[in-house]
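Every read-out reported here was derived from the displayed coordinates using simple, explicitly stated rules and does not represent laboratory data. Predicted, not measured: the structure shown is a model, and the values here were computed from it. Cβ coordinates were reconstructed from backbone atoms using ideal geometry, including for glycine residues, and neighbour counts include every protein chain displayed.
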């Protein structure tokens with residue numbers, strides 16, 4: 001969140017460990033993420049600083065559907081989740 005100006009900071013400093021975990025998973029090639037990964041994503045998304053950064057998403061590149069999936073992380077993390085084209 002240090003790439004936008006003025007910079008946005010995490011509301012809860014303990015969220016940094018979850019951010020680091022998620023960022024270390026970006027090279028997953030098989031598309032299979034652990035439940036621990038989803039726990040960390042949920043913690044990040046719940047942070048007010050991350051939400052403030054999202055509110056400024058017009059200042060950086062973010063896929064249009066990011067909020068949709070992050071809001072539904074408890075559904076997306078289910079082993080039988082199958083996205084539809086709705």
*asked:* Using only Cα atoms and rounding to the nearest 10 degrees, what angle (0 to 90) does helix 35-46 make with the longest principal axis of the chain?
replied: 40 degrees
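Can you give the extra length, in nm with one decimal, that the chain gains between residue 24 and residue 54 once fully stretched, where that is 0.36 nm per residue apart less the Cα-Cα distance?
Working: separation 30, 0.36 × 30 = 10.80 nm, distance 2.02 nm.
Separation in residues times 0.36 nm, less the Cα-Cα distance, equals 8.8 nm.
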*asked:* What FRET efficiency comes out for residue 82 versus residue 9 if R0 is 41 angstrom and r is the Cβ-Cβ distance? Round to the nearest 0.05.
replied: 0.65
*Which values of log₁₀ I(q)/I(0), to two decimal places, follow from the Debye formula for the range 15-76 at q = 0.14, 0.15 Å⁻¹ with a uniform point scatterer at every Cα?*
-0.41, -0.47
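Over the chain, what is the mean sequence separation of C-alpha contacts under 8 Å (at least six apart), divided by residue count, expressed as relative contact order in percent? Walk me through the numbers before you get to the answer.
Numbers: 54 pairs, mean separation 28.6, N = 86.
Computed over the chain, the figure is 33 percent.
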*Could you put 84, 15 in order, starting from the residue whose Cβ has the fewest other Cβ atoms within 10 Å?*
84, 15
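What ranking do 44, 25, 53, 65 get, fewest neighbouring Cβ atoms within 10 angstrom at the top?
So the ranking, lowest neighbour count to highest, is 65, 25, 53, 44.
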